[in-house]
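Asker: One structure is given below, represented as structure tokens, and several questions about it will come after.
Throughout, read-outs are computed from the coordinates displayed, never taken from laboratory work. Keep in mind it's a predicted model, so treat the numbers as computed, not measured. All Cβ positions, even for glycine, are placed from backbone atoms using ideal geometry, and neighbour counts span all protein chains on display.
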Amino acid sequence: MKKIELEIVALSHSITQTHSYAVVLGEVSGLRRLPIVIGGFEAQAIAVALEKMQPSRPLTHDLMKNFMNAFAIDLHEIIICDLQEGIFYSKLVCSTENDTVEIDSRTSDAIALAVRFGCPIYTYENILESAGILMEDTGSTEKKKRSKQEVMVEEDRPAGNEDLKTMTLEELNTLLNEVLDREDYIRAIAIRDEINSRRKKRK
């Protein structure tokens, strides 16, 4: 199965949601985005590494990297390999001088380690097809020029009172484009899920 490379394009924060962060992965040389809801601790771990901050004491993911380095274990890549009932599954592809192994991992932990090791992040077409969001190509190069290492963390606007279930598919797609323009990825996840749910019912 062909792997598709992704890069981190944003960390989105919402004060209106219980699960308050999403890490947004963008298709390299493509327009699709893959938003993944993560916890606050994992969001902090990713942001710290992206911003190259040096905590006074190592965080858990720093400890894991130090441990792996001490025993000459290299992290080659991470692969977001499965999606079941809204949960993403990932694996770490690690190697020593004599062996290469794949280790099961939570996706948020895998991304936090990938940033620290500077290794690529991959997924498969079927996962992008079912959970990805297609960004419109507006011809603007501003967002495309955003550095891979620049993290955007912004507070969300109020989620709005729209009842997604009462909206037509056309209205949902319009709203999705509006929230994507505001880079409100938390809201976009809910709209995307409603659109996908309706498309499945049509089949």
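Asker: For LEU25, enumerate residues with amide H under 5 Å from its amide H, sequence gap 5+ or separate chain, H modeled in the peptide plane.
Answerer: Those qualifying (amide H under 5 Å, at least 5 residues apart or on another chain) are VAL9, LEU34, ILE36.
Asker: A further question on this structure: Based on the mean of other Cβ atoms within 10 Å per residue, sort peptides 89-97, 170-178 so the most packed one is first. Don't skip to the answer; put the middle values down first.
Answerer: Values: 89-97: 16.7, 170-178: 14.4.
So the peptides 89-97, 170-178, ranked by packing, come out 89-97, 170-178.
Asker: Taking K and R as +1 and D and E as -1, what net charge do the other residues with C-beta under 10 Å from the C-beta of ILE133 add up to? Walk me through the numbers before you get to the answer.
Answerer: Values: positive: ARG32, ARG33, ARG192; negative: none.
With Lys, Arg at +1 and Asp, Glu at -1, the net is +3.
Asker: Rank-order 81-88, 6-13, 58-65 by packing density, defined as the average count of other C-beta atoms within 10 Å over each peptide's residues, highest first.
Answerer: Details: 81-88: 13.2, 6-13: 21.6, 58-65: 16.5.
Packing proxy ranking, top to bottom: 6-13, 58-65, 81-88.
Asker: Which order do the peptides 190-196, 99-105 take when ranked by the mean count of other beta-carbon atoms within 10 Å per residue, highest first? Can you show the working numbers first?
Answerer: Numbers: 190-196: 17.1, 99-105: 11.7.
Descending mean neighbour count gives 190-196, 99-105.
Asker: Moving on. Under 12 Å from the Cβ of GLY39, count the other residues' Cβ atoms, weight Lys and Arg +1, Asp and Glu -1, and hand me the total.
Answerer: Values: positive: ARG106; negative: GLU42, ASP109.
My count for the surroundings of GLY39 gives -1.
Asker: Another question, if that's okay. Most exposed first by the Cβ proxy, i.e. fewest other Cβ within 10 Å, how do LEU169, LEU34 rank? Before the final figure, lay out each step's value.
Answerer: Numbers: LEU169 12, LEU34 24.
So the ranking, lowest neighbour count to highest, is LEU169, LEU34.
Asker: Can you give me the long-range amide H partners of GLU77? Hydrogens built in the peptide plane at 1.01 Å from N, cutoff under 5 Å, separation of 5 or more residues or another chain.
Answerer: VAL93
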